[in-house]
Amino acid sequence: MSHATTPKPLTSKACGPLKGRVRPPGDKSVSHRAFLLGLLCVGETRISGLLEGEDVLNTGRACAQLGAKIERVGEGQWTVRGVGLGAVLAPAETLDFGNAGTGSRLMMGVVGGHGITARFDGDASLRKRPMRRILDPLVLMGAEVLEQAEGGRCPILLKGTRDPAPIEYRTPVPSAQIKSAVLLAGLNARGRTTVIETEASRDHTEKMLTYFGATLTCEPFGDHGRKITLEGRPELSPRPIAVPVDPSSAAFLIAAALLVEGSDVVVEGVMTNPLRNGFVATLLEMGANIDVLEIREEGGEQVADLRVRHSALTGVDVPADRAPAMIDEYIILAVLAAFAKGATRMNGLQELRVKESDRLAATAAGLRANGVSATIEGDDLIVEGAGACGGGGLVETHLDHRLAMSFLVMGLASQNPVTVDDETMIATSFPTFKPLLAELGADFFS
Ligand code: S3P
C-alpha cells in the first residue's frame with residue numbers, strides 16, 4: 001500500500017513512572033520471511049505471532065500476487081498455501097511495497113530466481129532507496145533489469161531467470177537484505193550459491209531456510225564475517241512458525257522505561273539473537289539497569305524477559321563493528337545519549353544514510369530541534385549528553401517510523417513536550433506503539 005494519507009502530528013509529554021508488563025509485536029524481519037518461505041513451499045505454512053504492520057501486510061499481498069493463498073485465521077495467526085519453488089506465478093499488477101525495504105528487496109531475490117517478470121514500486125521513501133545493491137548480484141545470476149528509475153531506484157521492472165546461475169558473492173556492505181536476496185534467488189539454482197559477508201548480519205533467512213529443509217552451511221569468515229553456502233533446488237516443506245518479539249520495537253519501550261523517572265517495566269519475550277543484540281549490550285555499558293530474565297527458546301530463537309528500571313546513563317563509544325547488530329536502533333540510542341552524562345560517539349553509521357530516511361542527518365536535526373548538541377563527523381554521530389533534555393522541538397520524520405517513535409519517547413522524559421510531524425508511519429512496524437506505552441502510563445496528544 002503506498003502511503004498517501006495526510007500527515008498526522010503527535011506530541012508526547014513528561015509522564016509519571018511507567019509500570020507494568022508488556023509484550024511488543026512479532027519481529028518484522030522474521031514476519032516478512034515467514035510469508036516469503038510460505039510462498040515457496042507446497043502446502044500450508046501456519047504462522048503465529050506475525051507482525052500485522054503495513055510493511056509485512058504488503059509483503060503478504062505481494063506473495064498472494066505470486067500465487068500464494070494467504071488467510072488471517074486469528075490475531076497474529078495466518079496460513080499461507082504456497083505454490084512451491086519454481087512454480088511462482090507472474091503478477092498481473094505492480095507489486096506495491098509501500099514503505100517496506102525488506103519486503104521489496106527479498107522479493108526481488110524470489111523474482112530474480114524465477115522465470116517471471118514483476119514491477120516493484122512503493123512510497124516516496126522506498127523510491128529513494130538504493131536497489132542496485134540487490135539488482136547487481138541478481139544480474140550476475142541471469143536476471144535482467146528492464147526498467148528502473150535514475151540510480152537504480154523504484155519503480156523497477158525485473159525479469160527473472162528460470163535457471164539462475166549459482167554464484168559466489170561477496171556483499172559490498174554488511175546487509176542481511178542483500179544476503180537474503182541472493183540466497184532466495186539461489187534457492188532455484190542448480191548448484192551451490194555462496195554469500196560472503198565480512199561483518200555478520202542478521203541470520204533469520206539462513207535459520208528459516210534450514211528449518212524448512214534446505215541444506216545450508218555457515219562458516220566463520222575473517223574476524224567478524226561469515227561464509228554461507230546453500231545447495232540449490234531443495235525440497236522445502238512447510239513448518240509452523242512462531243514469530244518471536246521484535247527487539248527493534250522492544251527498544252522503544254526499553255528506552256522509555258530507562259528515561260522516565262521511577263519506571264519499572266518488564267518487556268516480555270524479546271528476541272536476544274546475538275546478531276540483533278547490540279542495543280542491549282550498549283545500554284549495559286551505559287549503566288542501564290536491565291535484568292535479563294527467563295531465558296528460553298521461542299520459534300527457534302533465544303528470547304528473554306527484560307526487566308528495565310529508570311537509570312542514570314553515561315555516554316560511551318559505540319564501535320563501528322557493532323553496527324550490523326543494532327542497525328535499526330541508532331536513532332533511539334541517540335535519544336538516550338541526549339539524557340546520558342557525557343558524550344556518546346556512534347562510529348561507522350554510513351548505512352543509516354540509506355534507510356527509510358537519511359537517518360544520520362534526520363537524527364542530528366531532531367536532536368538539535370530539541371536543544372541537544374549533535375555533530376556528524378564523517379560517518380560518526382556524536383551526541384553531547386547533558387543528563388537531561390529540554391525538548392520543545394518539532395521533529396521532521398521524513399516517512400520514517402523509527403524517527404517518529406524515537407522522538408515521541410524523548411518527549412516522555414523531556415522538560416517540554418516533543419512533537420513529531422507525522423505519526424502515521426508508525427503503523428508500518430509497530431501499530432500498537434501508542435496503546436502499549438499508554439498502558440504503562442505514557443501521555444500522547446494529537
Ligand atoms: C533487515 C535488515 C536491515 C535492517 C532492516 C531489516 C532484514 O537492513 O535495517 O530493517 O530484515 O533483513 P540491511 O540488511 O540492508 O542493513
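A few comments on the model shown:
- Considering each residue of the range 118-133 in turn, at least one proves to be over 27 Å from Thr424 (Cβ atoms), within 16 Å of the ligand (Cβ to nearest atom) and assigned to a helix (DSSP H, G or I).
- Some residue of the range 55-63 being surrounded by 24 or more Cβ atoms within 10 Å (Cβ to Cβ) and assigned to a strand (DSSP E or B): no
- Residue within the range 13-29 that is within 30 Å of Ala90 (Cβ to Cβ) and assigned to a helix (DSSP H, G or I) present: yes
- Residue list for the range 199-215, filter: buried (at least 17 other Cβ atoms within 10 Å of the Cβ) and either more than 22 Å from Arg162 (Cβ to Cβ) or within 21 Å of the chain's Cα centre (by Cα) (or both): Glu199, Ala200, Ser201, Arg202, Asp203, His204, Thr205, Glu206, Lys207, Met208, Leu209, Thr210
- Only one of the numbered conditions (1) closer than 28 Å to Arg239 by Cα; (2) surrounded by 17 or more Cβ atoms within 10 Å (Cβ to Cβ); (3) away from the ligand (no atom under 13 Å from the Cβ); (4) hydrophobic (A, V, I, L, M, F, W, C) is not met by Ile156, and that is (1).
- Residue count for the range 300-347 under the criterion of being open to solvent by 20 Å² or more (accessible area, probe 1.4 Å) and modelled with pLDDT under 95: the result is 1.
- The number of residues in the range 2-46 being aliphatic (A, V, I, L, M), away from the ligand (no atom under 16 Å from the Cβ) and touching a helix residue (DSSP H, G or I) at 6+ places or on another chain (Cβ under 6 Å) comes to 3.
- All conditions but one from (1) touching a Cys at 6+ places or on another chain (Cβ under 8 Å); (2) assigned to a loop (DSSP other than H, G, I, E, B); (3) of a type in the set (Ser, Thr, Tyr) apply to Ser104; the one that does not is (2).
- Residue pairs whose Cβ atoms lie under 6 Å apart, sitting 6 or more positions apart in sequence or on different chains, and linking a residue in the range 93-111 that is farther than 15 Å from Glu54 by Cβ to a partner that is away from the ligand (no atom under 14 Å from the Cβ) and charged (D, E, K, R), are Thr94/Arg119; Thr94/Asp121.
- Looking at Ser201, Ser248, Ser237, just one residue is of a type in the set (Gly, Ala, Ser) and under 25 Å from Cys15 (Cα atoms), and that residue is Ser248.
For (1) without any contact (Cβ under 8 Å) to a residue 40 or more places away in the chain; (2) away from the ligand (no atom under 16 Å from the Cβ); (3) part of a loop (DSSP other than H, G, I, E, B); (4) hydroxyl-bearing (Ser, Thr, Tyr), each residue gets a yes or a no:
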| site | (1), (2), (3), (4) |
| --- | --- |
| Leu275 | no, no, no, no |
| Thr282 | no, yes, no, yes |
| Glu294 | yes, yes, no, no |
| Ser311 | no, yes, yes, yes |
| Asp328 | no, no, no, no |
| Ile331 | no, no, no, no |
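To keep it simple, each residue is scored yes or no on (1) under 23 Å from the mean Cα position of the chain (by Cα); (2) of a type in the set (D, E, K, R).
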| site | (1), (2) |
| --- | --- |
| Ser373 | no, no |
| Asp379 | yes, yes |
| Gly392 | no, no |
| Phe407 | yes, no |
| Val418 | no, no |
| Glu423 | yes, yes |
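- The range 2-39, subset charged (D, E, K, R) and open to solvent by less than 30 Å² (accessible area, probe 1.4 Å), residue nearest to Val267 (Cα to Cα): Asp27
- Members of the range 28-45 found to be within 15 Å of the chain's Cα centre (by Cα) and of a type in the set (Gly, Ala, Ser), listed by number: Ser29, Ser31, Ala34
- Which numbered condition Ser201 misses (of (1) among the polar types (S, T, N, Q); (2) away from the ligand (no atom under 11 Å from the Cβ); (3) part of a loop (DSSP other than H, G, I, E, B)): (2)
- Screening Ala362 on (1) more than 16 Å from the ligand (Cβ to nearest atom); (2) more than 29 Å from Gly225 (Cβ to Cβ); (3) hydrophobic (A, V, I, L, M, F, W, C); (4) buried (at least 21 other Cβ atoms within 10 Å of the Cβ) shows it passes everything except condition (1).
- Residue list for the range 181-198, restricted to those being in a strand (DSSP E or B) and either in contact (Cβ under 8 Å) with a residue 40 or more places away in the chain or more than 18 Å from Pro220 (Cβ to Cβ) (or both): Arg192, Thr193
- Test result for Met107, open to solvent by 10 Å² or more (accessible area, probe 1.4 Å) and within 14 Å of the ligand (Cβ to nearest atom): no
- Yes/no for Pro91 being in a loop (DSSP other than H, G, I, E, B), open to solvent by 10 Å² or more (accessible area, probe 1.4 Å) and within 13 Å of the ligand (Cβ to nearest atom): no
- Test: residue in the range 244-251 that is among the acidic types (Asp, Glu) and open to solvent by 20 Å² or more (accessible area, probe 1.4 Å): no
The values are calculated or read from the model by the stated rules, or taken from the named source; none is laboratory data. In this text, all values refer to a predicted model and were calculated from it rather than measured experimentally. For neighbour counting, all protein chains shown are included, and Cβ atoms are generated from backbone atoms with ideal geometry for every residue, glycine included. Surface areas here come from the heavy atoms of the whole protein model, side chains and all, with no ligands, DNA or RNA. Shrake-Rupley method; radii C 1.70, N 1.55, O 1.52, S 1.80 Å.
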